[in-house]
Every structure is written in structure tokens, then in C-alpha cells.
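Written below as C-alpha cells is the structure these notes are about.
The values are calculated or read from the model by the stated rules, or taken from the named source; none is laboratory data. Keep in mind it's a predicted model, so treat the numbers as computed, not measured. Don't worry about glycine lacking a Cβ; one is built from the backbone with ideal geometry, like all the others, and counts go over all protein chains shown.
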There are 2 protein chains.
Amino acid sequence: MTQPDMPTPPWERPPRRRTPARVPLTRERIVDAAFTILDREGYDRLSMRQVAAELGVAVSALYVHVRDKDDLLQLMYTRMFEGYEIPEPDPEHWQEQVRDFARRARERLLSRRDLAKLAMGHVPFTPELLPYVERLMAVLGASGMPRRVLAISGDMLSTYINGFALEESLWQQRYREAHTSWHKLREEINEYFASLPPDRFPNLVALADIMMDESNDYRFELGLEIILRGLASYIGEPDPGEEHGETHGES
Amino acid sequence: MTQPDMPTPPWERPPRRRTPARVPLTRERIVDAAFTILDREGYDRLSMRQVAAELGVAVSALYVHVRDKDDLLQLMYTRMFEGYEIPEPDPEHWQEQVRDFARRARERLLSRRDLAKLAMGHVPFTPELLPYVERLMAVLGASGMPRRVLAISGDMLSTYINGFALEESLWQQRYREAHTSWHKLREEINEYFASLPPDRFPNLVALADIMMDESNDYRFELGLEIILRGLASYIGEPDPGEEHGETHGES
DNA sequence: CTAGGGGACTGAACAGTGTTCATAATAAAG
DNA sequence: CTTTATTATGAACACTGTTCAGTCCCCTAG
């Protein structure tokens, strides 16, 4: 905690410059400020000017430390992973480890506003993030699933988690803008589905009561379980599609 | 088919105004123009002004027919589904029907530039699109899977398809901007993975040769198969989580 | 035929965006 | 103290979505 507005005492030799030891602008501080704006204004209003204003600095100063807005977003994406822990692989409990991984990932994506929007469209293939990918692959690989299944399982999981969290945050945004609650919105949606003409929409009407749950947790868990069962079903099978490239169509 | 540039024959009484029967601006024509811009410039450069220019019209004229840019994007999203056919449900072949649905959806998403970006962040819960959801649910429901699994299966499938296509188009964009080819980019990526220090990244190094395929088709099919196997595994089981709301954690 | 009402369209403006660049201020090095 | 390199500034450019007073034109009523 520094106290910026204190006058300089006369017995200290006053430094020549007006702002003694002003906090230097760094990539870290810029990312901090960007997250402050993201929390307060949301992804769509996150602009270089807002970030600069938050730091009390001219816009162009940011470009000394950051190439692009894209560059800044990439830094924010990287920051998102900080402190995210993935355990040592345990072949006996790989499913529970993956479940835990997925839950914590979703939790993180929903912990701050619009984080899912930020994550969507980025790929964790940078040097800073590859360790996380490696550890996830280690956990999944311990299951003994075939190589080719393993190669896409990480992608599938993160696509599912990101997609799910994005949809959740879209609904959040929608009911925030409509000045109502998730409870109310959910009720309206389910009533809408129930009120459809049953002759033209028999399936939707029949599912109206469970299309949206009071909490999304159960839906998330079930989707996760579906993927896990799918992955597990390949354990013990030989690597599928060794002759791949020809035989994926038609049949 | 009207023929706009034909001169007015002299035996027809010429209308008083200079531009005889000028094409009226409609929502349809605006969406057409928007797709022209999307194809030519990409999603990020799709702006109201570009659309207006394409139509030879002032920007503000668009706002007579379209509330928002969001409104226009919604119209484009709806247009995407036009002519998309989903077959009558056949309980014997629901898996093949779903595979076919997914392949055609991906094909459509990749048929035009940045269509996946457009699709991401939209939900097909509008009156025009509900019939498609209904038909998909019919096909899935014919499998006999439990209600709660059915309720999220559609979401899971479209999340997977959209996410996969989005990732594909992201790579496309990346190698377009780098002025190289997918073949080259893929080779570089795989070489990069292979060149990682094997002691810190044993799993990534071991998978380097199949992290990215020459074509993404096989990866898409395999991911689809994983979901299908997961879904199929629930057929015959009682509806899971009837006591839901409490018991989805820990155990 | 004229008068007028109403919808479609225009042009200009507002407030905002990402990015660049010559210039100024500052810090470190000689 | 002077030089040099870095960092920050302010103004500018070329855009963006959106609004609004006014204009044009067509159709209808008288």
C-alpha cells in the first residue's frame, strides 16, 4: 500500500521530478487494469481507452508495452490459467480427475464476467500454456485410451466446457439486460416451450419442464458424463482408423 | 427473376420518376448484401456502412428495416438454416441420421467464410428456428434415450459442431493472415510439438504426429463418435437424477 | 387535378473505437 | 553536465454503431 497523495517531508531530499517513483507501466499492470474494466464494463466495452483511463495514462502509452488489442487479450487469456492446478495422473481415478478438472475450469470461467467470451477463440498453444495442456493429456493418457482418441479428447473437453460456459454467460447477459432474474427467465422459457402447439412441436412440448434447470450444474455434469462414457468406451480397443483418410464417409 | 437494367419500352407509358421501379429496400436484400460483405471482408469487417455501400444506400436507410446490427446478425443466423433438411426419425438408424446431420451442419458452417463466428453466440430459440430443433429432437428421441439425456443432447451436439467449426475457421484465418497453406501450417505445428523438451512434455511429444491431421474430417468424425457412444450408453437406463438438485457433486 | 399525409430515404452529426506518429518528458550512461 | 535510449503524450486518421431533422416521393382523399 503506497500513499500517493502525501506531501514530501522537507527533511527528505526532494527528488527532482514531480511524481516521485511513479509506478512504472508494465504488461502486468496493463493486464490488471484490463481485468478491472472487464469486471466493471464487460467484454464488449473493454477498450484500450478505458484501460488507459483506468491507469491514468494516455492511450498510446499502452502500445509501448503491448503490440495490439489482440496481444492484450492474449495476455488476459494467459493470465486466466494462473494458479490452475492439474494433479498427477492416477490411472485408477482418471475419470474423477477429469470431472474435477472440468468443474474447476467451469467455475473459473464463471467467476468473472465475460471470461467465457474471452476464452472462446483462443487456443492454449503458447509456451506459457502448454504445460497445462501437457498435464491434462497426462491425466487422460493414464486411462489407457488409444492414441488417436487421446489426441482429440483434450480438445473435446475444453470445447465442451467453453461452449457450456459461454452459453451460460449469454443467458446471464440476457437477463441482466432484461432486468430480471435467472429464475424468472427460466420460468418464462419453459412456459414458452410448454405453450407451443403440441401437434407441430411434440418433442419440445414434452421436454419443456427440463429444457432449462433451476441450476445448470446438473446439465453440465450430465454432458460431462456423456463425454466420459464415450471416451471410456474406447479403452482397450485398438487405435481406430489406422487407415484413416479414406474410410470416414458414407458407410 | 426480374431484369432490372432493361430500358422501358416506348409503348409503355413511362412513369414520371427518373428511376423507374427502383428496387425497394427490404430485410431480405439487406441480409443478401450483408452476406456479400461477409464473404468478401470477413466477420470483423462486416459493418453497417459496408452493407449500405453495397446496396448503394445511406447507412441510416438500413435502420428503417433493421433495428440493430444485432438484429441484422440474427437475421443472418436465421438465413443460415434455410433449406436445411432433417429427416423423419427412424429408430433403427438414429445414429447414422445424427452423423449425417452433424456432417451437413459442419459443411454448411465451413461453406462460407466466418459463418462459425456468426453462429457462435446465437441460440436457435426463435420461432423460425424452433422447427429445426424440434426435428433434431425427434431424431434423437427415436433412440429411446432417457428424457434428461435427450434434453441436453441437442445442445451438446450443436456445441460440439459449432466449436469444432469455429476452431477450424480460426486456423483458416491464421494461415490466411500468415500467407501460407494449411499443409505448411500443420507441418510447422506438428514439428513444434515434436521439438518440445521430451522430459517436460512427454505426452505432447508422443502425440506430435497426430495432434493435427492433414484433413480435419477424421478428427471431427471421431469426436462425433465419442458423443454418440456416450449418448447410446444411456439407452435403456432409467432417467438419471430424478432426485436432482442435491446429488450431483462429490460422490 | 390538387392537397396532404406517411413512409422511405438522406446527410450530418455524436460519441465512441483501434492505431500511428512527431514531439516532449524522463531515466540511465558516459 | 551532456548524450542516449526509453517511455509517455497529444493530436490525428480512419473507422465504428446509432440518431435525428429534414427531404423526397408515392398514394390516397377530396
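Computed values, structure above
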item: Within the range A:150-161, considering residues that are at the interface with another protein chain (Cβ under 7 Å from one of its Cβ atoms) and in contact (Cβ under 8 Å) with a residue 12 or more places away in the chain, the one farthest from the chain's Cα centre (by Cα); result: A:Leu150
item: Of all residues in the range A:21-37 being closer than 15 Å to A:Asp71 by Cα and of a type outside the set (Lys, Arg), the one that is nearest to DNA strand C (Cβ to nearest atom); result: A:Ala34
item: Some residue of the range B:77-92 being within 16 Å of DNA strand C (Cβ to nearest atom), within 20 Å of B:Leu129 (Cα to Cα), within 14 Å of chain A (Cβ to nearest Cβ) and not in a loop (DSSP other than H, G, I, E, B); result: no
item: In the range B:38-71, the residues that are within 22 Å of B:Arg112 (Cβ to Cβ), within 11 Å of DNA strand C (Cβ to nearest atom) and not basic (Lys, Arg); result: B:Asp44, B:Ser47, B:Met48, B:Ala52, B:Ala53, B:Leu55, B:Leu62, B:Val66
item: Verdict on A:Glu225 being part of a helix (DSSP H, G or I), facing another protein chain (nearest Cβ under 7 Å) and farther than 23 Å from B:Tyr218 by Cβ; result: no
item: Selection count where residues are hydrophobic (A, V, I, L, M, F, W, C), within 9 Å of chain A (Cβ to nearest Cβ) and touching a residue at least 60 places away in the same chain (Cβ under 8 Å), scope the range B:106-135; result: 0
item: Looking only at the range A:169-215, and only at residues there that are of a type in the set (Gly, Ala, Ser) and within 11 Å of another protein chain (Cβ to nearest Cβ), the one that is surrounded by the most Cβ atoms within 10 Å (Cβ to Cβ); result: A:Ser169
item: Subset of the range B:101-129 (residues that are at pLDDT 95 or above and at positive phi); result: B:Asp114
item: Test: B:Glu214 is part of a loop (DSSP other than H, G, I, E, B) and over 19 Å from the mean Cα position of the chain (by Cα); result: yes
item: Any hit, the range A:55-73, residues being more than 16 Å from DNA strand D (Cβ to nearest atom), under 17 Å from the mean Cα position of the chain (by Cα) and modelled with pLDDT of 95 or more; result: yes
item: Where B:Ala138 falls short, out of the listed (1) at pLDDT 95 or above; (2) more than 10 Å from every other protein chain (Cβ to nearest Cβ); (3) farther than 20 Å from B:Tyr77 by Cβ; result: (2)
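Every residue, every condition in (1) among the hydrophobic types (A, V, I, L, M, F, W, C); (2) within 16 Å of DNA strand D (Cβ to nearest atom); (3) closer than 24 Å to B:Arg174 by Cβ; (4) crowded, with 19+ Cβ neighbours inside 10 Å, yes or no:
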position	(1), (2), (3), (4)
A:Thr36	no, no, no, no
A:Asp39	no, no, no, no
A:Thr78	no, no, yes, no
A:Pro91	no, no, no, no
A:Arg106	no, no, no, yes
A:Leu115	yes, no, yes, yes
A:Val123	yes, no, yes, no
A:Leu136	yes, no, yes, yes
